[in-house]
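Below you'll find the structure, written out as C-alpha cells, and then a few comments.
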Amino acid sequence: MRKAIKVSNKIEMTLPADVQFIELAAKCVSKMARMAGFGNDDAFNIELAVDEACTNVIMHAYEKDSSKIYTVICVYNQNSFTVEVQDHGKPFHFEAVPEPDVKSRIEEQKVGGLGIYLIRQIMDEVNYFEETDGLKRLVMKKYRSGRSNDK
Amino acid sequence: MNLLKEVQEMLNGYYDSFSRLDIEDGQDAGKFSEIIARTGKDLKFREKLLQEPVETLKREGFRLPEGFNLKFVEESENTIYVPLLPFMGDDLQTDGKSRFSKLEEIVQMAATDLDFRNQLIRNPDSVLKKKGFEIVPDKKVVVLECTDDLFYAILPAVENSKSDEPKSVKIEIQGDTVFLSGRLDLNGVDQVRDIFLKWEGSLNLDLEKLDYISSAGLGLLLMTLKKLNNSSSELKLLNLKPAVRNVFVLAGFDQLFHI
C-alpha cells in the first residue's frame with residue numbers, strides 16, 4: 001500500500017538574486033539538513049553547496065540583476081536529502097564545466113568552475129535540467145550513508 | 001576613488017543648477033541636495049520620493065514642467081550607475097574646468113559626442129575602463145540615459161539599513177599579519193579584496209577566527225597568492241579551523257597553499 005505523501009519535510013524559499021541573501025538561504029538549508037539527521041560536517045558542506053549554487057544563479061544566470069528571483073527547494077526522506085535551485089536566467093553548460101586542474105590554477109588564475117566542482121565534491125548526485133518553459137533546475141542530492149559506490 | 005559618491009555629487013550639482021528644477025521662491029541652489037540628504041534619514045519620505053517622484057518634488061516646492069519625469073534609483077553595492085545627460089551636442093556650455101573630475105568628463109563627453117555616447121550605452125564597462133576607472137568583476141555598470149523629458153537621480157544607500165546584521169567578515173591588521181574572522185564568502189570578499197590586492201610584501205593571513213569560506217573566498221586568495229608570488233613575496237595561511245581546511249581540501253587548494 002502506498003503511503004500518503006508527507007509534505008511536512010519540504011521547504012521552499014523564493015529569494016531575490018542579491019548576494020546578501022545567499023547566507024540566509026544556505027544557513028536555512030543547512031539547518032534543515034541537521035533536522036534531517038545529518039551531522040555537523042555534512043550540514044556545513046551542504047551549506048557550502050547551496051552557497052555555490054545560489055552564487056552561480058546570481059552571478060551567471062542573472063548576471064547580478066537583483067530584480068530577478070530564484071527558488072530554493074529542499075526536501076528529505078529516509079534515504080536522502082535533496083536541494084533544488086531553480087531560476088529562469090541564462091542557461092548554464094553544466095556538463096561543459098571542466099574539472100579544474102589545480103596545478104594550472106596558479107598560473108592562469110582560473111577560478112571559474114570552482115563552485116560547481118565543490119558542489120560535485122560535496123553532493124552524491126548533481127543534475128541540471130533545462131525545462132521547455134525556460135526553467136533551469138539544479139538538483140543536488142546527498143545520501144545519508146554517504147556517496148554510493150555502485151553507480 | 002569612490003565612484004558612487006562622485007556620481008551622486010555630480011548629479012546633485014547638475015540638478016541644483018538645472019533651471020527646470022528651480023525652486024519657486026528664492027534661488028535656493030542647494031535644495032536638491034537637501035532633498036537627497038533627507039532621504040537618508042527620513043525613510044517615509046524616501047519611499048514617497050521613489051514611488052511618486054514628481055508629485056513629491058512638487059510638494060517640496062519644485063517647479064516642474066508638464067510631462068517632465070524624474071526617476072530615482074537606489075544605490076546598491078553591486079551597481080554603478082552612470083547617469084547620462086540628454087544629448088545636447090554643441091549646446092552644452094562648459095566652463096572648461098572640471099569640478100568632479102573624470103566622471104563628469106565622461107558625462108559631458110556623452111552629452112556632446114554622439115559616437116562616444118553610443119559606445120558608452122552599448123559597452124559601459126569597457127569605456128569606463130579605458131577612461132581609467134577600475135571596474136571590479138562583480139560590480140555591474142548601469143547607464144541611465146536621461147532625455148529631455150526623463151531624468152534620473154540616485155539615492156545613496158541608507159546608512160543604517162544593514163547595521164543590525166554584522167558584516168560577514170571582520171578584518172584586523174597588525175604589521176604584516178591580517179586576521180580575518182567571520183565568513184569569507186561572496187559578500188565578504190568585497191570587503192577584503194582591496195586590502196589584499198594592494199598589499200605590498202609578504203602577508204600572513206591568520207584564519208583562526210574564520211568560520212566559513214566559499215569559492216569566492218578561495219578565488220580571492222588565489223589571486224592574492226599569484227600577485228604576491230609575482231613580486232617574490234609570500235602568502236602564508238595560519239591557524240585554519242577544520243571546517244575551513246576541509247573546504248581547501250575539497251577544492252584541491254591544499255596543493256596550492258601550505259595549510
So residue A:6 ticks every box in (1) at pLDDT 95 or above; (2) more than 11 Å from chain B (Cβ to nearest Cβ) but one. Which box is left unticked? (1)
Consider residue B:142 carefully, then state whether it is under 30 Å from residue B:223 (Cα atoms), modelled with pLDDT of 75 or more and surrounded by fewer than 18 Cβ atoms within 10 Å (Cβ to Cβ). yes
Mind checking whether some residue in segment A:42-64 is of a type in the set (S, T, N, Q) and more than 16 Å from the chain's Cα centre (by Cα)? no
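Out of A:23, A:84, A:47, A:12, I need the residue that is of a type outside the set (A, V, I, L, M), free of Cβ contacts under 8 Å to residues at least 24 places away in the same chain and either assigned to a helix (DSSP H, G or I) or on the phi < 0 side of the Ramachandran plot (or both). Which one?
On the way: A:23 fails: free of Cβ contacts under 8 Å to residues at least 24 places away in the same chain; A:84 fails: free of Cβ contacts under 8 Å to residues at least 24 places away in the same chain; A:12 fails: free of Cβ contacts under 8 Å to residues at least 24 places away in the same chain.
None of the others qualify; the one that does is A:47.
Have a look at A:111, A:102 and point out the one that is surrounded by 18 or more Cβ atoms within 10 Å (Cβ to Cβ) and either within 9 Å of chain B (Cβ to nearest Cβ) or modelled with pLDDT under 95 (or both).
A:111
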When you scan segment A:26-39, how many residues do you find that are free of Cβ contacts under 8 Å to residues at least 24 places away in the same chain and within 14 Å of another protein chain (Cβ to nearest Cβ)? 3
Being crowded, with 17+ Cβ neighbours inside 10 Å and in contact with a Phe, Trp or Tyr (Cβ under 6 Å, 6 or more places away or on another chain): is that true of residue B:243 here? yes
Segment B:45-94 - residue that is among the hydroxyl-bearing types (Ser, Thr, Tyr) and under 19 Å from residue B:111 (Cα atoms) and, of those, modelled with the lowest pLDDT: B:94
For segment B:53-70, what are the residues that are within 23 Å of residue B:43 (Cα to Cα) and basic (Lys, Arg)? B:58, B:59
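The values are calculated or read from the model by the stated rules, or taken from the named source; none is laboratory data. Computed from a prediction, not measured in an experiment: that's the story for all the values here. Using ideal geometry, Cβ is built from the backbone for each residue, glycine included, and neighbour counts are taken over all protein chains shown.
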